[in-house]
Amino acid sequence: MREPVDWSWLRQPIPVVDVDMYLGMPEDIARTVEIRDGLIVHCESPSPNHVAISDNIKGALREAVSKHPSEAPCLRASGELDMLVSEVPFHYKRPDAIVYRRIDEPRGKWKTKPMASDTLLVVEVVSPNTVTADLVEKRAEYARLGIAHYWIVRMVQDDGPVTSIEMLRLTTDGTYVRENMSLRARGDAVAVDVADPLDVTISWNQLDLGLD
């Protein structure tokens, strides 16, 4: 017989988190949550294959950044990095991979981490628990924030290997349109081959490194 569920915790006031409270969180707790409009959202730990694919994409983006022309604006590529949406109410995103303009001088409490206005590309690898968020909610939010490029990575049964990458570009009317769609099953030669915002090519074999 199942034990009765204790719902008393729902009667407790829900804490509203500001940037100071977040920056004071223990690291092990901060990495398991996102803050959206001041409210804590718990995030499940991604699968090992999800992590491997994200790492492979980040590695390719970092390599592309290292080859970026010196006369061009200086860029950074990273992943699992908080991107500030707004300070009041406090709201940030943590994409699987991100390309942004380098911040040379600390800016207040957010220091040298990117804001949405600094960001040129976000990449999300779809997991079973993030399908709606990645395909619908984040697509709308990233467009509203003016982020020029959004890549959506799909895996076989949402747990690897990569089966497709949809590359979206922001239009002048503030919506995303599909710029390219790479499909492994169609026999596309590479998964990614673009020149904007970076000159980067990623093979399917690169994406498979480290998969179970």
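The values are calculated or read from the model by the stated rules, or taken from the named source; none is laboratory data. Because the structure is a prediction, the values reported are computed rather than measured. FYI the Cβ positions are ideal-geometry reconstructions off the backbone, even for glycines, and counts take in every protein chain you see. For accessibility, only protein heavy atoms count, side chains too; no ligands or nucleic acids. Shrake-Rupley method; radii C 1.70, N 1.55, O 1.52, S 1.80 Å.
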Practice problem: Test Ala52 against the stated conditions and say whether it is open to solvent by 10 Å² or more (accessible area, probe 1.4 Å) and modelled with pLDDT of 95 or more. | Solution: yes
Quiz item: For region 15-83, list the strands (runs of 3 or more DSSP E) that sit wholly inside it and hold at least 1 residues that are more than 22 Å from Ile202 (Cβ to Cβ); which are they?
Solution: 33-36, 39-42
Quiz prompt | Top-ranked residue of region 1-21 - restricted to ones that are open to solvent by less than 90 Å² (accessible area, probe 1.4 Å) and of a type in the set (A, V, I, L, M), ranked as farthest from Asp134 (Cα to Cα) | solution = Val5
Quiz prompt | Residue list for region 22-31, restricted to those being exposed (fewer than 14 other Cβ atoms within 10 Å of the Cβ) and within 18 Å of Gly108 (Cβ to Cβ) | solution = Leu23, Gly24
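If a residue must be of a type in the set (A, V, I, L, M), assigned to a helix (DSSP H, G or I) and in contact (Cβ under 8 Å) with a residue 12 or more places away in the chain, how many such residues does region 129-145 contain? First the steps, then the outcome.
Here is the first cut: in region 129-145, the residues of a type in the set (A, V, I, L, M) are 131, 133, 135-136, 140, 143, 145.
Next, from what is left, pick out any that are assigned to a helix (DSSP H, G or I): 131, 133, 135-136, 140, 143.
Add one more test, that the residue is in contact (Cβ under 8 Å) with a residue 12 or more places away in the chain, and what stays is 131, 135, 143.
The number of residues fulfilling the criteria is 3.
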Exercise. Could you grab me the full set of residues in region 177-209 that are closer than 22 Å to Leu135 by Cα, open to solvent by less than 60 Å² (accessible area, probe 1.4 Å), part of a loop (DSSP other than H, G, I, E, B) and in contact (Cβ under 8 Å) with a residue 40 or more places away in the chain?
Key: Pro197
Exercise. Write out, first by first residue and then by second, each pair whose Cβ atoms fall under 7 Å of each other, whose residues are 6+ apart or on separate chains, and whose first residue, in region 69-90, is more than 16 Å from Asp199 (Cα to Cα) while the second is among the polar types (S, T, N, Q) and open to solvent by less than 60 Å² (accessible area, probe 1.4 Å).
Key: Gly79/Ser54; Met83/Thr119
Quiz prompt | Failed criterion for Ser164 (all others in (1) more than 18 Å from the chain's Cα centre (by Cα); (2) among the small types (Gly, Ala, Ser); (3) assigned to a strand (DSSP E or B) hold) | solution = (1)
Quiz item: Restricting to region 95-127, what's the tally of residues that are farther than 28 Å from Asp20 by Cβ and loosely packed, with under 13 Cβ neighbours inside 10 Å?
Solution: 0
